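Shown next, in structure tokens, is the structure this report addresses.
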Amino acid sequence: MTDLATRAPVTPTLDVAAIRADFPILSRRIHGRPLVYLDNAATSQTPSRVIAAFDAYYGGYNANIHRGLHTLADEATAAFEGTREVARGFLNAKESREIIFTRGTTEAINLVANSWGRANLKPGDEVLVSRLEHHSNIVPWQMLATEIGFTLKVIPVDERGVLDLDAYRELFSERTRLVAVNHVSNAFGTVNPVKAMAAIAHARGARILVDGAQAAPHQRVDVQDLDADFYAFSGHKVYGPTGVGVLYGKAELLESMPPWQGGGEMIATVSFETATTFAEIPHKFEAGTPAIAEVIALGEALKWVNGIGVDAIGDWEGRLLAHATERVLRIDGLRILGTAPDKAGVLSFVVDGAHSQDIGLLIDQLGVAIRTGHHCAQPLLAHFGVDATCRASFAAYNTLEEVDVFAEALERVIGMVR
Ligand code: PMP
């Protein structure tokens with residue numbers, strides 16, 4: 001995607017009206033006006049088939065999975081494991097046992113830190129993270145670094161919010177064990193060249209974990225093509241429910257890793273006399289009763305995305321972003337943060353003489369939901385000399401007309417606070 005500011009909006013590549021009809025929440029009115037929901041990078045809305053999956057489960061086959069011999073347990077297990085296969089296809093993983101269900105991206109990263117990290121990182125080792133990371137791909141590594149004594153090194157960004165690949169190459173040493181980087185930045189929308197970064201990491205003998213929370217909803221992800229060692233995403237950003245996410249890991253890596261949480265489901269045998277033995281992957285990493293309904297509903301969300309086509313969704317969001325960029329740049333004193341040539345549907349900006357929080361609160365009064373704050377990326381915002389931005393982020397169901405409503409509301413609000 002090039003020259004975002006000047007690209008003219010064109011005919012939708014999606015049947016957006018039909019898509020909108022799938023989302024009951026989009027007919028809500030907020031303060032008497034139609035909801036314009038532009039906080040999709042935080043949480044996307046859910047289509048009817050995802051909502052219906054909860055009714056079907058609790059009303060029809062609610063039961064604990066894997067151990068039961070009765071019909072309901074069989075049905076619940078089949079539906080739960082069905083999502084594993086859908087998620088495998090969604091990421092193009094080789095095998096469904098490479099898919100682990102977690103509470104979300106955050107828990108997926110904590111799992112890798114606590115299992116792979118504790119087993120593989122030694123004092124004096126190095127882990128590379130980027131300046132663009134969400135706190136969930138920084139703090140678990142900081143916590144572990146304090147405990148183990150390895151060093152966290154930061155891949156720098158340029159003034160557009162693009163990672164400096166030359167600097168990245170130079171950060172490697174013989175002690176570099178892991179690169180932890182997002183595929184798409186939630187704060188700026190930068191799409192990172194994770195395939196190239198993986199090749200560089202592997203050439204230097206390091207592993208790579210990709211935080212795909214912001215990529216999975218917007219672009220095709222092929223973990224084999226990327227050659228990612230680990231890849232994580234969250235259900236609630238990909239039209240699915242909260243409380244569920246996916247960690248992909250290469251089978252041989254997952255097999256070599258110790259369990260993280262202990263409990264039911266993750267064992268083979270438990271004894272006080274001999275050593276407890278653990279289940280095979282993926283169950284080794286799924287201790288306790290999982291979020292069964294949420295996992296099943298996540299499967300419906302991924303099928304919904306597949307039905308529309310994630311490439312078409314990403315393309316449409318690119319058009320919305322281009323139109324929004326062009327509209328807001330007309331506003332005097334507005335500065336966009338994150339101007340990478342390759343950007344996902346995220347528009348982050350600050351306005352001279354207007355606090356982001358005031359803008360967020362006032363624009364809500366006009367029915368428009370955007371996010372304001374540090375977006376869990378304080379090191380990135382600090383680097384750009386701000387502690388908050390306003391962020392509008394797009395999804396398949398947003399329209400060009402909504403972008404106009406947003407831009408007009410923004411102009412009005414800025415006029416009020418300046
Ligand atoms: N990484 C990125 C890039 C994100 O945008 C988010 C959510 N804002 C997360 C990680 C954390 O996801 P979750 O809260 O679903 O665990």
- Task: Please pull out the direction-averaged projected area of region 372-418, using the convex hull of its alpha-carbon atoms, in nm² to one decimal place.
- Result: 4.3 nm²
- Message: Suppose a student asked you for the relative contact order of region 329-418, using Cα pairs under 8 Å spaced at least 6 residues apart; what percent would you report?
- Response: 31 percent
- Message: Just want the answer: with Cβ charges of +1 for Lys and Arg and -1 for Asp and Glu, which residue in Leu247, Gly288, Ala275 is farthest toward the dipole's positive end in region 51-307?
- Response: Leu247
- Query: Counting GluC sites (Glu not before Pro) as exposed when in a DSSP loop with at most 16 other beta carbons within 10 Å, what is the longest stretch of the chain free of them?
  - Reply: 281-418
- Task: Could you calculate the contour length gain from Ile51 to Thr151, that is, 0.36 nm times the residue separation minus the distance between their Cα atoms, to one decimal place in nm?
- Result: 31.6 nm
- Taking a probe of 1.4 Å, how large is the accessible area per residue of the chain, in Å²? 40 Å²
- How big is the Rg/Rh ratio for the chain, C-alpha atoms only, Rh by Kirkwood, two decimals? 0.98
- Which shape class, rounded, prolate or oblate, goes with region 147-225 when its Cα gyration tensor gives a ≥ b ≥ c as root eigenvalues, a/c under 1.5 marks rounded, and past that a/b bigger than b/c marks prolate? prolate
- Of all accessible surface on region 40-136 at a 1.4 Å probe, what whole percent is carbon and sulfur? 51 percent
- What is the total of Lys pairs in region 51-307 with C-alpha atoms under 25 Å apart, excluding same-chain pairs fewer than 8 positions apart? 16
- Item | Assigned charges on the beta-carbon of Lys, Arg, Asp, Glu; region 51-307 dipole about Cα centre (debye) | 300 debye
- Item | region 81-195: relative contact order as a whole-number percent, Cα under 8 Å and 6+ apart | 24 percent
- Between Asp342 and Asp74, the two model label points (7 Å from Cα along the beta-carbon direction) sit apart by a distance in nm of 4.8 nm
- Query: In whole percent, what relative contact order does the chain give with Cα contacts below 8 Å and a gap of six or more residues?
  - Reply: 25 percent
- Item | Cα Rg over Rh - region 36-168, Kirkwood | 1.08
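The values are calculated or read from the model by the stated rules, or taken from the named source; none is laboratory data. Keep in mind that this is a model prediction, so the values were computed, not measured. Methodologically, a virtual Cβ is constructed for each residue, glycine included, from the backbone with ideal geometry; neighbour enumeration extends over all protein chains shown. All accessible areas refer to the heavy atoms of the entire protein, side chains included, with ligands and DNA or RNA removed. Shrake-Rupley method; radii C 1.70, N 1.55, O 1.52, S 1.80 Å.
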